[in-house]
Structures are given as C-alpha cells and as structure tokens.
1. Among the strands (runs of 3 or more DSSP E) confined wholly to region 276-380, which include 1 or more residues that are among the small types (Gly, Ala, Ser) and farther than 17 Å from Ile58 by Cα?
2. What's the number of the only condition in (1) within 24 Å of Thr44 (Cα to Cα); (2) of a type in the set (Lys, Arg); (3) surrounded by fewer than 18 Cβ atoms within 10 Å (Cβ to Cβ) that Arg342 fails to meet?
3. Please work out which one of (1) crowded, with 21+ Cβ neighbours inside 10 Å; (2) at pLDDT below 95 is the condition Phe357 fails and give its number.
4. I'd like to check which strands (runs of 3 or more DSSP E) are fully inside region 80-180 and have at least 3 residues that are in contact with a strand residue (DSSP E or B) (Cβ under 7 Å, 6 or more places away or on another chain) and either β-branched (Val, Ile, Thr) or within 30 Å of Glu43 (Cβ to Cβ) (or both).
5. Run His330 past the list (1) of a type outside the set (A, V, I, L, M, F, W, C); (2) farther than 22 Å from Tyr242 by Cβ; (3) buried (at least 21 other Cβ atoms within 10 Å of the Cβ); (4) at pLDDT below 95 and report the number of the one that doesn't hold.
6. Can you say whether Pro313 is under 21 Å from Ser67 (Cα atoms), at pLDDT 95 or above, touching a strand residue (DSSP E or B) at 6+ places or on another chain (Cβ under 9 Å) and of a type outside the set (Phe, Trp, Tyr), as far as the supplied structure shows?
7. Scan region 10-33 for residues that are of a type in the set (Gly, Ala, Ser), surrounded by 14 or more Cβ atoms within 10 Å (Cβ to Cβ) and modelled with pLDDT of 55 or more and jot them down.
8. Report whether or not Asn295 is farther than 20 Å from Phe32 by Cβ, in contact (Cβ under 8 Å) with a residue 24 or more places away in the chain, touching a Phe, Trp or Tyr at 6+ places or on another chain (Cβ under 8 Å) and polar (S, T, N, Q).
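The values are calculated or read from the model by the stated rules, or taken from the named source; none is laboratory data. All of these numbers come straight from a predicted model, not from anything done at the bench. Note: ideal-geometry Cβ built from the backbone for every residue, glycine included; neighbour counts use all protein chains shown.
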Amino acid sequence: MRFALIVIAAFNLLACAGAVDNAEPPAALVDFQASASLAVLSETNIGDGEVYLSGSSILNLEKDIVSVTAKGLLTVFNKNRSAVRLQKDLAIKYASAIGGNEHLYLLGTRSGLVYAIDPVTADVLWQSRVSSEVLARPVISGTTVIVKTVDGQLTALEADTGKEKWIYKRDVPALSVRGNSEPLLMQDKVISGLDNGKLVIINLDSGILFWEKTITVPRGRTEIERLVDLDADLLMNNGVIYIAGFQGRIVALDIQSGEFLWSKIMSVTNNMTFQDNKLYVTDSMSHVWALDASNGATIWKQNVFSARKLSSPVLFDDYLLLTDFEGFLHVIARADGHQVARLNADSSGTRNAPVVFNDKIYLQSNNSKIYILRLEKQSF
C-alpha cells in the first residue's frame, strides 16, 4: 500500500507540473560571441529509439560507458576504441538505473527487481526483489550491494548471490519528487539522503544506524510546498559532505563531528560538482551557480538558461558542460559563467549529463544514440 501511495503521489505531482499553471516558460536561447566551437566526431546508434527513463541510465566507468534502455537493452561502449564493446538484450522490463563497477553491473527496475550482470558476457548472474521501485543507482563495496528504493528503504545484498543481508527503513512522505540520490559508501559506512530531509549514516556490515541529521525541515501548508527530497547525490571532499535538497538548502557538514559548517537556501535536485574549492550547482530553475566551498558564498550566477531543465554540471578543462531538454549542449566558463559554445546535438534531448574522457565529450540522447564531440577553441 505504501508503494502504491508513493507511485500515485508521484504521478499526481507530475500531472500538476504538466497542467496549465504559472510556471515560468523555458528561456529562449540568446545569441552570444562564441569563443569555442563544438564538432560531432561520430554518432553510434545503440538502440531502437527507446526513450531513457532517468539520468541514472548510464554508468561512467574508467574505460566504458554502460548504458541500459527502458526495455533492457544493455550496451557497453568502450571509450578508448570509441566503439560498442558489448551489447545484449536482457529482456528486462522497466529498467531504470544502472550501477556497479568494472567487475559487476547492477541493474535496478521500476518493478522492484535488482539484477547482477557479468561485465564480460552480459549474462544475468542473479536477481533479487526489493521493497519497491529502484531509481537510484545501486552501489557496491567489497561483498555488499546497497540498493535504495523510493519507499525510503536501504537494502544490503550479498554481491555473490543477491541474498538479503539487512534492511534499514525510515518513513518518507507519501508525496515526493521523482528521483533518488545514490547512496555514498565510505569505509564501513553507508551515507544516504532521504526524501524526509534527513541524512543517515549506517553501518555497512550490520545496517545499524550510527546517526542521523535533519538537513531540511518541511515548510508550507500543502504537500507540494512541504517537499524536501534530498535527491542530489552526496558530494564528499576532505571530510566534508555537501548535501542539497529540493525546496531546501545546500549544506556543508563535517563528517566526523556532524556539525554544519555552512548552509545556503537553494532548491536543488541535480548533482553538484567540485573543483578548486568551488561548488558548481544547477538549481531547480536551471540557474547555474558557482559557490565558495568554504562558506557557501556566491562567486557567480548564470540565469540565461532559466527553466530549460538543465543537467548536472560536468567539468571539462576550464569549462562546465550542461545539456537541456531540447538536446542542446552548453559550454560555459568556470571562471565567471559566460557562454562559450553551444550545439544542438540531438533534438530528442537527453536526461543524462555529458561524460568526459580525455579530450572527448560523450553525449547520450533520448533516442538511443551516443555522440562523441570535440571542443575547439577559436583563435581571433
């Protein structure tokens, strides 16, 4: 019943978002003086036009990009050879999130199943049922797989067999933003943000709670106003965890003491990135921010992409890469956020952030294509 309430509420929220309301329309793209250009080097079709369900449908590993479609078509694209290394129809319905590592791929589904897949043969090694829909990427540490489900449950499975080791459950609101942050594994700990605005730290071996911290407190009268999901992946640097939530705030938390170092009011669902003591963030209105990671102060803000459903920012040399709902790849400067280059690679759009490998940019579109692009600085 709990799962049904969450699903119904999620669809109601989507319906509200799609109804005629006072939501800000997507900003029109404006002309600018480009200082670099994007060129498509190659295009590879890896499916049959299937739309990807979420930003967790690709896994970026050291040598490979692992992709899964909603109908369970698994593709392993080798970045060194710029070619498909392995492809197999797993005949798995409602695939939603691909995780794991070079030794074991982990596939979660909307129907509450988790599959372990051999990276060499793409054979299914085991499957295990969890409590509800899996939208967050399953993660692995040693012999333990951690699966986070939309009903607020964390489940530990044996990596060799899929057998359940422990379950940790917390109540979450019936209504939540569609999406879940990926659990963070650190030594003997599982660290996870929940849809009730709390951060929990759990023992990896036993599932026993070490401690929890309230990051964001629900406010407002309606259920929508009270949404405080911590759906952005946690970011760790030098013993500090950076946490972001929807209709809440960004928080820097000392992992040892559990004390807040700073906080900043901001609504965020995308993942953040860190470089040179700066946090780069796209908020829920698709404004791009550079924040001082020491104190949360704003260094710069770029709002020309307002309401364009930007992806998480991705670092590329002196730039940030972002995609939007129309399939545009945007390049902006890390120094001050000014626009550098833009290209509409695929009008089907993308739900995945770009992937960077050496001097190449990899972009997966919603219609099952992988593009390899190059950024070239212009000389004047």
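1. Numbers: elements: 278-282, 288-292, 298-302, 314-316, 319-323, 328-333, 339-344, 355-357, 360-364, 369-377.
Fully inside region 276-380 and qualifying: 288-292, 328-333, 339-344.
2. Here Arg342 clears every test but (3).
3. (1)
4. On the way: elements: 83-89, 95-101, 104-109, 113-117, 124-129, 139-141, 144-148, 153-158, 164-169.
In region 80-180, 83-89, 95-101, 104-109, 113-117, 144-148 are the strands (runs of 3 or more DSSP E) which contain 3 or more residues that are in contact with a strand residue (DSSP E or B) (Cβ under 7 Å, 6 or more places away or on another chain) and either β-branched (Val, Ile, Thr) or within 30 Å of Glu43 (Cβ to Cβ) (or both).
5. Going through the list (1) of a type outside the set (A, V, I, L, M, F, W, C); (2) farther than 22 Å from Tyr242 by Cβ; (3) buried (at least 21 other Cβ atoms within 10 Å of the Cβ); (4) at pLDDT below 95, His330 breaks only (4).
6. Working: under 21 Å from Ser67 (Cα atoms): yes; at pLDDT 95 or above: yes; touching a strand residue (DSSP E or B) at 6+ places or on another chain (Cβ under 9 Å): yes; of a type outside the set (Phe, Trp, Tyr): yes.
Answer is yes for this residue.
7. Matches in region 10-33: Ala27 only.
8. On the way: farther than 20 Å from Phe32 by Cβ: yes; in contact (Cβ under 8 Å) with a residue 24 or more places away in the chain: yes; touching a Phe, Trp or Tyr at 6+ places or on another chain (Cβ under 8 Å): yes; polar (S, T, N, Q): yes.
In short, yes.
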